[in-house]
Structure formats: C-alpha cells, structure tokens
Amino acid sequence: MKVKVKVPATTANFGPGFDCLGMALPIYNEITVEETIMPGSGINIQIVNKHDDDGVLFIPTDENNIVYKSIELLYNSIGMSPSELKITIETNIPLTRGLGSSASVIIGGVMAANKLLGNPADEAAILSIAREVEGHLDNIVPAYAGGFCLSANDDDGSIFYQKLNWPKDWKINICVPDFELATNISRSILPECVKLKDAAFNLSHLGLLLKACENEDSELLKKALKDKIHEPYREKIVAGFSTIRDKFKNNNDVYGTVLSGAGPSVTVISNKDAVSEVSESVKQIWSELNIKSQVFTFDVEQNGAVFVE
Ligand code: HSE
C-alpha cells in the first residue's frame with residue numbers, strides 16, 4: 001500500500017504573533033510513504049528536488065531525516081517500530097527560508113504513515129507528534145489545517161487552534177532571498193527572557209491584528225503589524241529586511257512588512273495595486289546588496305494537508 005500527501009508551505013509569526021500565528025500558502029511538498037514488499041529491505045528515503053534547491057543535497061536520507069523521525073514517533077506511540085518503508089519527499093517549497101518546509105514534510109509523513117497504519121492517531125496526536133519534531137505550532141497547524149490559524153499550547157501539552165478570517169483583497173507577497181537561514185540559528189540569537197513592556201506591546205498588537213482581520217480593517221492592520229519580541233534581534237542577521245520595511249512604511253497600499261517565520265523571507269501585505277511595486281522594490285533592494293530574490297504574490301491556501309494517492 002502507498003499513501004501520498006500534499007502539504008502547503010506556511011508563513012508564520014505575522015509580526016506580533018510569534019510562535020502562534022501562521023498561514024498556509026499555495027506551494028506544496030508531497031510526501032509518499034509506501035510499505036515495501038521485500039522483508040528486510042529496511043527504510044529507504046528518496047528526495048525529489050522539484051525546486052532546484054541546493055539545500056536539498058544536505059537533507060539526510062537516514063534515521064536523522066525528520067520525516068522518518070516523525071513516522072518513528074507515530075509507530076512508537078502504538079508500540080511498534082517502522083521496519084520496511086519507502087519514503088519519497090518531493091520538495092517544491094524553498095528550504096531554510098522561513099516558509100515551513102520542515103513542518104510540511106513532517107505533517108505529510110505522519111499523515112501518510114497514519115493512514116498506512118489504519119489511522120491510530122487522531123488530529124491531536126498528529127499535531128502533538130509534529131510539534132515534538134518541529135518545536136512550534138505556528139507552521140505545523142496551518143500546514144495541517146490550511147487557512148490562517150492561531151494556535152496555543154496548554155500547560156498539559158494539549159493543543160488548541162482557531163482558523164481566522166483573512167480578507168480576500170489582502171495580498172501576501174512572499175519575498176524569498178537566495179540565502180539560507182536555519183530556524184535554530186535564527187532562534188539562537190533571541191534572548192531567553194523578554195521585557196515586560198515588550199510582552200505587553202506584542203499582546204496588545206496581536207489583539208489589534210486579530211480585530212483588523214475580523215473587521216477587514218487595513219488601517220488597523222497597519223498599526224498592528226509590529227513586533228518587539230523577535231524582529232528587533234533578527235533584523236541584524238537578515239540583510240535588507242529593515243530597508244524593505246522602511247521602504248513601504250508610508251505607502252498607503254502596503255499594510256505591513258514582517259519576517260516570514262524565522263526569516264530570511266519577508267512577508268509584505270498589500271492591496272492588489274501595490275503588488276508589482278512591492279516585487280520590483282524588494283528585488284532592487286536585495287540586488288543592491290548582491291542578493292538575488294524571488295517574489296511570489298499569494299492568496300491564503302484554505303486547504304491544509306490532503307491525501308492525493
Ligand atoms: N515561530 C518560529 C520562529 C518559526 O520565529 O522561530 C516558525 O515555527
């Protein structure tokens with residue numbers, strides 16, 4: 001038996017929603033898990049590089065592979081160990097760019113293996129296994145559920161999420177530079193503790209952001225898309241980010257500029273009139289720093305992970 005799952009990319013944080021807000025985007029990785037017929041053939045992991053991404057060469061194809069680790073956790077949760085499996089990972093989401101490529105393959109692997117096993121894991125168990133490997137919910141939940149999601153961990157480990165409204169006219173311009181930034185490195189520069197006033201700033205701005213989305217109020221969104229918990233530290237290691245943000249500060253058609261996840265991609269929210277200008281300006285700013293880039297304009301992907309085979 002063979003199961004294939006298609007899982008969207010994600011952009012997380014959205015400024016004040018550090019580690020809890022994320023959105024699915026219409027680019028996809030596909031993960032196929034197949035029981036091999038030959039006993040003793042072990043675990044075989046193949047990577048199909050659909051994006052011509054050099055980073056793919058460094059994805060482990062042994063037991064250190066995150067898809068394998070997630071599948072192993074699922075098997076272990078029902079007292080089994082994976083023995084003969086062929087795992088194929090077709091990558092289309094740019095790697096180490098803050099676009100949820102890891103979360104997508106983890107969710108895809110767990111869902112595919114779960115179906116092979118006769119669905120022993122429910123939604124809570126799937127998300128909990130994925131969190132154990134990935135660490136944070138802000139990419140995992142929208143990769144699984146699609147849409148624009150706010151997620152929370154409770155003290156007992158339980159996971160809650162809500163899908164939020166995202167106005168149709170708000171375009172998501174995902175600006176991807178040609179340099180990598182691993183999430184663990186981008187997290188390592190964050191302080192262990194935040195100042196009370198910075199926590200209060202983020203809480204109030206996250207509240208405003210949720211209200212702006214609910215009321216489709218772009219003027220409120222402009223005020224809300226600000227962060228004091230992670231971006232002030234990360235802007236020092238993401239070349240061009242603060243210049244891009246400053247460039248659009250007084251542009252009426254641009255509602256905000258934030259880091260996508262842990263970076264280095266940058267998310268610019270705008271109306272449709274600003275889309276070409278955003279793309280040209282961002283490419284120009286990065287090109288002046290000798291950085292090549294691509295800009296994609298997306299609407300939110302409302303579907304999460306889906307079985308395609
Ligand atoms: N929220 C994470 C971070 C990235 O900013 O480090 C996505 O999980």
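Key figures for this structure:
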| read-out | value |
| --- | --- |
| Residues satisfying the stated conditions in the range 258-284, i.e. in contact with a Cys (Cβ under 9 Å, 6 or more places away or on another chain) and open to solvent by less than 30 Å² (accessible area, probe 1.4 Å) | SER260, SER265, VAL266, THR267, VAL268, VAL278, SER279, VAL282 |
| Residue in the range 281-288 that is assigned to a loop (DSSP other than H, G, I, E, B) and touching a residue at least 12 places away in the same chain (Cβ under 8 Å) present | no |
| Any hit, the range 62-80, residues being over 30 Å from LEU203 (Cα atoms), part of a loop (DSSP other than H, G, I, E, B) and within 20 Å of the chain's Cα centre (by Cα) | yes |
| Hey, LYS171 touching a strand residue (DSSP E or B) at 6+ places or on another chain (Cβ under 8 Å), under 18 Å from VAL258 (Cβ atoms) and of a type in the set (Lys, Arg) or not | yes |
| Tally of residues being within 13 Å of LEU21 (Cβ to Cβ) and either open to solvent by 40 Å² or more (accessible area, probe 1.4 Å) or touching a strand residue (DSSP E or B) at 6+ places or on another chain (Cβ under 8 Å) (or both) across the range 210-220 | 2 |
| Strands (runs of 3 or more DSSP E) enclosed by the range 1-51 - at least 1 residues per element that are within 13 Å of the ligand (Cβ to nearest atom) and surrounded by 24 or more Cβ atoms within 10 Å (Cβ to Cβ) | 2-12, 21-35 |
| Residues within the range 209-227 that are touching a residue at least 24 places away in the same chain (Cβ under 8 Å) and over 25 Å from SER281 (Cα atoms), tallied | 5 |
| Residues that are buried (at least 23 other Cβ atoms within 10 Å of the Cβ) and of a type in the set (Gly, Ala, Ser), drawn from the range 65-87 | SER70 |
| Residue that is farthest from VAL5 (Cα to Cα) [pool: residues in the range 290-309 that are among the polar types (S, T, N, Q) and open to solvent by 90 Å² or more (accessible area, probe 1.4 Å)] | ASN290 |
| Answer from LEU209, LEU221 - the residue that is within 16 Å of the ligand (Cβ to nearest atom), of a type outside the set (S, T, N, Q), under 22 Å from LYS249 (Cβ atoms) and in a helix (DSSP H, G or I) | LEU209 |
| Tally of residues being assigned to a helix (DSSP H, G or I) and either within 16 Å of the ligand (Cβ to nearest atom) or open to solvent by 30 Å² or more (accessible area, probe 1.4 Å) (or both) across the range 88-128 | 13 |
| Residues of the range 178-193 classified as outside any helix (DSSP H, G or I) and either among the charged types (D, E, K, R) or open to solvent by 70 Å² or more (accessible area, probe 1.4 Å) (or both), total | 4 |
| Odd one out for ALA274, checked against (1) of a type in the set (A, V, I, L, M); (2) in a helix (DSSP H, G or I); (3) closer than 16 Å to TRP166 by Cβ | (3) |
| Test: residue in the range 136-155 that is touching an Asp or Glu at 6+ places or on another chain (Cβ under 7 Å), at pLDDT 95 or above, outside any helix (DSSP H, G or I) and under 28 Å from PRO232 (Cα atoms) | yes |
| Failed criterion for LEU259 (all others in (1) closer than 11 Å to ILE174 by Cα; (2) free of Cβ contacts under 8 Å to residues at least 40 places away in the same chain hold) | (2) |
| Cβ pairs under 7 Å, 6+ apart, first in the range 140-155 and open to solvent by less than 40 Å² (accessible area, probe 1.4 Å) and within 12 Å of the ligand (Cβ to nearest atom), second in a loop (DSSP other than H, G, I, E, B) and of a type outside the set (S, T, N, Q) | PRO142/GLY304; ALA143/GLY100; ALA143/GLY304; ALA143/ALA305; SER151/CYS20 |
| Meets criteria (under 14 Å from VAL300 (Cα atoms), within 11 Å of the ligand (Cβ to nearest atom) and either assigned to a loop (DSSP other than H, G, I, E, B) or outside the structural domain of GLU214 (by TED's automatic domain parsing) (or both)) for PRO167 | no |
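The values are calculated or read from the model by the stated rules, or taken from the named source; none is laboratory data. Computed from a predicted model, the values in this text were never measured in an experiment. Positions of Cβ are generated from backbone atoms using ideal geometry, with glycine treated the same way; all protein chains shown enter the neighbour counts. Accessible surface is based on the protein model in full, side chains and every heavy atom, while ligands, DNA and RNA are left aside. Shrake-Rupley method; radii C 1.70, N 1.55, O 1.52, S 1.80 Å.
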